[in-house]
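Here the structure comes first, spelled out in structure tokens, and everything after it is commentary.
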Amino acid sequence: MNSSPTGAMLAVTGGKGGTGKTTTALGLAAALSKRRRNPVVIDADVDMPNLHIRAGVDDTGLEALATGGSLTEAATESVQVPGIDIVGATPGTDLDAALRNVTTDRPVLLDGAAGVSERAVTPLRHADQVVVVTRDTPAAVTDTVKSIRMSRAVDATIAGVLLSRAQDVSEEVQETLGTGPIYPVPRAPDPVTHEIVRPTYDTFIENWANA
């Protein structure tokens, strides 16, 4: 599998809703766009899709992929985050069929469902690598351990963990998660492109590119 951003597929997953998966997907895509990598973010949560709302596009792209359309036909440039193409989703779309139809040399980020259901696992099966998103709360960290185990169970390579709304990473979190690297993402007014969060996303992408 290709581990560099060019032509690679990165699944964004997490054990609990509300930890910042969609924000992380957009933030990493913005970092890729800054490197002129022309990224695409696909809403791979067909239970509760919301990427299209955050990005300011329609929700028909994933269905187009699932029925044989090309990625170029399915993707729409984000209104909210220019320079990033978005594939929105509607509930119940055949996610596996859609992802099997993704053929591109562009970096693709999959904004997956929270939890450990089969629909949460599907993006991990298609991706080259996985980034796990969590928060520094007991419930979120506990659920993240499950996400890490789920990723390993399907032989998905974990590129790192992003700890949202955090200034640093405690020893307790490091020991509990048992994987790394862990990147703290500070709280910010705009958690996608604010100057406070950009260095974290840039560092992750740099490390991913050099893996």
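The values are calculated or read from the model by the stated rules, or taken from the named source; none is laboratory data. It should be emphasised that the depicted structure is a prediction, and the values quoted were computed from it without experimental measurement. Positions of Cβ are backbone-derived with ideal geometry, glycine not excepted, and every protein chain shown enters the neighbour counts. Keep in mind that these areas ignore ligands, DNA and RNA; they rest on the heavy atoms of the full protein, side chains included. Shrake-Rupley method; radii C 1.70, N 1.55, O 1.52, S 1.80 Å.
Put simply, the Cα atoms of the stretch 52-117 extend 30, 26, 20 Å along their principal axes, the longest span coming first.
Using a probe of 1.4 Å on the protein chains alone, the accessible area found for residue 16 is around 80 Å². The per residue volume of the convex hull around the alpha-carbon atoms of the stretch 73-187 is 132 Å³.
Against the compact-protein benchmark of 2.2 N^0.38 Å, the Cα-based radius of gyration of the stretch 14-138 scales to 0.96. A 1.4 Å probe run over the protein chains yields, for the chain, 43 Å² of accessible area per residue, whole-number rounding. Partner aspartates and glutamates whose Cα lies under 16 Å from the Cα of residue 34, excluding those fewer than 8 positions away in the same chain, are identified as 77, 85, 195, 202, 206. The 1.4 Å probe gives accessible areas that order 90, 134, 203, 67, largest first, as 67, 203, 90, 134. For residue 146, the lysines whose Cα comes closer than 26 Å to its Cα, not counting residues fewer than 8 places off in the same chain, are 16, 21. With the whole protein complex present, residue 102 retains an accessible surface near 20 Å², based on a 1.4 Å probe. Applying Stokes-Einstein at 25 °C and 0.890 mPa s to the Kirkwood radius of the stretch 136-207, computed over alpha-carbon pairs, gives a translational diffusion coefficient of 189 µm² s⁻¹.
In the chain, what percentage of the DSSP-assigned beta bridges are antiparallel, given to the nearest 5? For the chain, the DSSP antiparallel bridge percentage is about 5.
Rg over Rh for the chain works out to 0.93, using Cα positions for both radii and the Kirkwood form for Rh.
Helix content alone sets the calculated 222 nm mean residue ellipticity of the chain: runs of n ≥ 4 DSSP H residues at -39500 (n - 2.57) each, divided across all residues, give -10500 deg cm²/dmol. Put simply, the amide H of residue 165, placed in the peptide plane, has neighbours under 5 Å in 185, 187, leaving out anything fewer than 5 places away on its chain.
A dipole drawn for the chain from +1 and -1 charges on Cβ atoms has a positive end, and of 82, 32, 17 the residue lying farthest that way is 32.
Counting pairs of alpha carbon atoms under 8 Å apart in space and at least six apart in sequence, what relative contact order in percent does the stretch 1-105 give?
Dividing the mean separation by the residue count of the stretch 1-105 yields 29 percent.
Summing Cβ point charges (Lys, Arg +1; Asp, Glu -1) relative to the Cα centre of the stretch 72-181 gives a dipole of roughly 220 debye.
Pairs of Cα atoms nearer than 8 Å and 6+ residues apart set the relative contact order; for the stretch 72-180 it is 20 percent. For residue 104, the accessible area of its heavy atoms, probed at 1.4 Å with every protein chain present, is near 50 square angstrom. Just to be sure I understand: with springs between alpha-carbon atoms less than 10 Å apart, which residue in 144, 24, 103 has the highest mean-square fluctuation in the Gaussian network model of the chain? Of 144, 24, 103, the Gaussian network model singles out 103 as fluctuating most.
Using a Förster distance of 25 angstrom, determine the FRET efficiency expected from the C-beta separation of residue 80 and residue 125, and round it to 0.05.
0.30
Relative contact order for the chain: 27 percent, from Cα pairs under 8 Å spaced at least 6 residues apart, divided by residue count.
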